[in-house]
Amino acid sequence: MLPGRVVYDVGLMIDPAVGALLAGAFALLFATAALHKLLDAGRFAAAFHAYDLVPPELAWLARLVPVLELAIAAALLTAGSRNGGAAAGAALLLAYASAIGVNLGRGRRDLDCGCGGPGESRPIGVWRNLLLAVLLTALLLPPAPRPLTGADALTIGAGTAVAALLYMSLDALLGRAAPRAARLRERGNA
């Protein structure tokens with residue numbers, strides 16, 4: 001503390017514009033993931049069951065996943081519930097990573113992750129969910145004490161759009177590259 005001034009340790013805070021950008025991007029991610037599951041509920045239920053982590057009599061839990069994702073998306077968009085939404089979202093992403101890790105440990109690499117849109121199949125992988133969980137936990141940092149400005153609104157809107165496009169591009173690229181890499185590995189082992 002300096003006389004008459006408060007000094008903040010900004011190393012332990014998140015800029016409010018960055019926080020809003022992350023919250024918007026993750027809300028969009030969770031909302032679209034829920035929408036994909038709701039649009040093709042049968043395929044998602046089959047993917048959920050294929051993980052073989054819950055007994056068949058609990059298969060109805062698959063219907064709760066998109067509801068939870070929608071709740072997380074809504075919580076991220078509300079300042080008062082953002083921390084809870086970030087914690088729940090990170091926990092859900094870690095649960096996804098754990099379920100995938102268990103199945104990879106069982107040698108089951110041919111599962112559909114259940115995260116693609118209707119008619120899309122994505123290979124399973126742990127790292128994407130772990131990385132997303134780490135990024136989401138940044139929202140648990142306290143916001144730096146500065147007001148948002150009009151320039152911040154532009155930054156948040158454009159940044160959220162760029163983040164969404166970048167994620168979709170990488171997801172599509174990896175979704176196409178992983179099956180090709182698997183086929184090349186199979187040819188090499190033959």
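Coordinate-derived values only; no laboratory data. Since the model is a prediction, treat every value here as computed from it, not as a measurement. Positions of Cβ are backbone-derived with ideal geometry, glycine not excepted, and every protein chain shown enters the neighbour counts.
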Legend entry - Per-peptide average of other Cβ atoms within 10 Å, ordering 102-110, 125-133 highest first: 125-133, 102-110
Legend entry - Burial order of peptide ranges 15-26, 36-47, 141-152 (average beta-carbon count within 10 Å, highest first): 15-26, 36-47, 141-152
